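Below: one structure, written as structure tokens.
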Amino acid sequence: MPTETRIRNADEKDIYIISEILRPYAENKLLLSRSPEDILSHLKNFCVALIGDKIAGCCALRNYGNNLFEVRSLAVSSKFSNMGIGTKLVTFCMEKAARNGKVKVFALTYRSDFFERLGFRKVQKSLFPEKIWSDCSVCSKKDNCDEDALLIEIG
Ligand SMILES: CC(C)(COP(=O)(O)OP(=O)(O)OC[C@H]1O[C@@H](n2cnc3c(N)ncnc32)[C@H](O)[C@@H]1OP(=O)(O)O)[C@@H](O)C(=O)NCCC(=O)NCCS
């Protein structure tokens, strides 16, 4: 099996596999679920990781304007864990964000260790305007969110 990982922007033919990669993590409440329709309408935000011609992971970069971005819907299929794919996906998104100059990139996650290794630091969720947590209003954990907010300034 080829082991070299390539990251590219997602296209329409990737939508089903992206939703399948996210699904088990969404079912375990590690990520918000994203329907194929939702993925399609935000497709330009998504990138995918390929091993050979197989999609092993995905990540989205949401632009809030004012040089603020969010890394979200980051997932790597469990059979490809700990091969550096998640790191490459986040790095790709950070580089994409940094093309806009000096930017802030944040993530809301249970994997603060993973993001800290990439240079993110823990911050108070209240640092961000409430409207940024638009997803939170549809999350089952909205009243007792136990995820960490992490932020990096780059560019
Ligand atoms: C978080 C997640 C994306 C990480 O993906 P991954 O591809 O396993 O990530 P990496 O391989 O880059 O890094 C994982 C570990 O492997 C190690 N690693 C990195 N490259 C490696 C390599 N080439 N060989 C062996 N180990 C490696 C890293 O040190 C890292 O350790 P850490 O997690 O303690 O920091 C994945 O576990 C996942 O999909 N989790 C569920 C969804 C989730 O929680 N997403 C984040 C919410 S925003």
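The values are calculated or read from the model by the stated rules, or taken from the named source; none is laboratory data. Every value quoted in this text rests on a predicted model; they were computed, and no experiment measured them. For neighbour counting, all protein chains shown are included, and Cβ atoms are generated from backbone atoms with ideal geometry for every residue, glycine included.
Has region 105-116 got at least one residue that is among the β-branched types (Val, Ile, Thr), at pLDDT 95 or above, surrounded by fewer than 18 Cβ atoms within 10 Å (Cβ to Cβ) and not in a loop (DSSP other than H, G, I, E, B)? Steps first, please.
So the first thing to find is which residues in region 105-116 are among the β-branched types (Val, Ile, Thr), and the list is 105, 109.
Next, only the ones that are at pLDDT 95 or above stay: 105.
Those still in the list that are surrounded by fewer than 18 Cβ atoms within 10 Å (Cβ to Cβ) too: none.
No, the conditions are met nowhere in region 105-116.
Kindly evaluate residue 25 against the criterion of being touching a residue at least 40 places away in the same chain (Cβ under 8 Å) and touching a Leu at 6+ places or on another chain (Cβ under 6 Å). Full working, then the answer.
Values: touching a residue at least 40 places away in the same chain (Cβ under 8 Å): yes; touching a Leu at 6+ places or on another chain (Cβ under 6 Å): yes.
So residue 25 passes the test.
Considering only residues that are among the aromatic types (Phe, Trp, Tyr) and either within 12 Å of the ligand (Cβ to nearest atom) or touching a residue at least 60 places away in the same chain (Cβ under 8 Å) (or both), which ones fall in region 28-70? Steps first, please.
Taking region 28-70 and keeping what is among the aromatic types (Phe, Trp, Tyr), we get 46, 64, 69.
Within region 28-70, just 64 meets the criteria.
If you go through region 71-80 one residue at a time, do you hit one that is farther than 15 Å from residue 22 by Cα and within 16 Å of the ligand (Cβ to nearest atom)?
Taking region 71-80 as the starting set, the residues that turn out to be farther than 15 Å from residue 22 by Cα are none.
For region 71-80, residues farther than 15 Å from residue 22 by Cα and within 16 Å of the ligand (Cβ to nearest atom): absent.
Just for helices (runs of 4 or more DSSP H) wholly inside region 1-103: which have at least 2 residues that are surrounded by 14 or more Cβ atoms within 10 Å (Cβ to Cβ) and hydroxyl-bearing (Ser, Thr, Tyr)?
Numbers: elements: 15-27, 36-41, 85-98.
Filter on region 1-103 gives 15-27, 85-98.
Quick one: would you say residue 141 is in a helix (DSSP H, G or I) and either more than 16 Å from residue 32 (Cα to Cα) or modelled with pLDDT under 95 (or both)? So that I can check it myself, show each step before the final result.
Working: in a helix (DSSP H, G or I): no; either more than 16 Å from residue 32 (Cα to Cα) or modelled with pLDDT under 95 (or both): yes.
Judged against the criteria, residue 141 is not a match.
With the requirement that a residue be among the acidic types (Asp, Glu) and more than 7 Å from the ligand (Cβ to nearest atom), what does region 99-123 give you?
Looking only at region 99-123, we keep the residues that are among the acidic types (Asp, Glu), and these are 113, 116.
Scanning region 99-123 gives a single hit, 116.
Failed condition for residue 94, given (1) touching a helix residue (DSSP H, G or I) at 6+ places or on another chain (Cβ under 6 Å); (2) at pLDDT 95 or above; (3) within 15 Å of the ligand (Cβ to nearest atom), with all others met?
Answer for residue 94: the failing condition is (1).
Is it true that some residue in region 118-131 is within 13 Å of the chain's Cα centre (by Cα), within 20 Å of residue 149 (Cα to Cα) and assigned to a helix (DSSP H, G or I)?
Going through region 118-131, the residues within 13 Å of the chain's Cα centre (by Cα) turn out to be none.
No.
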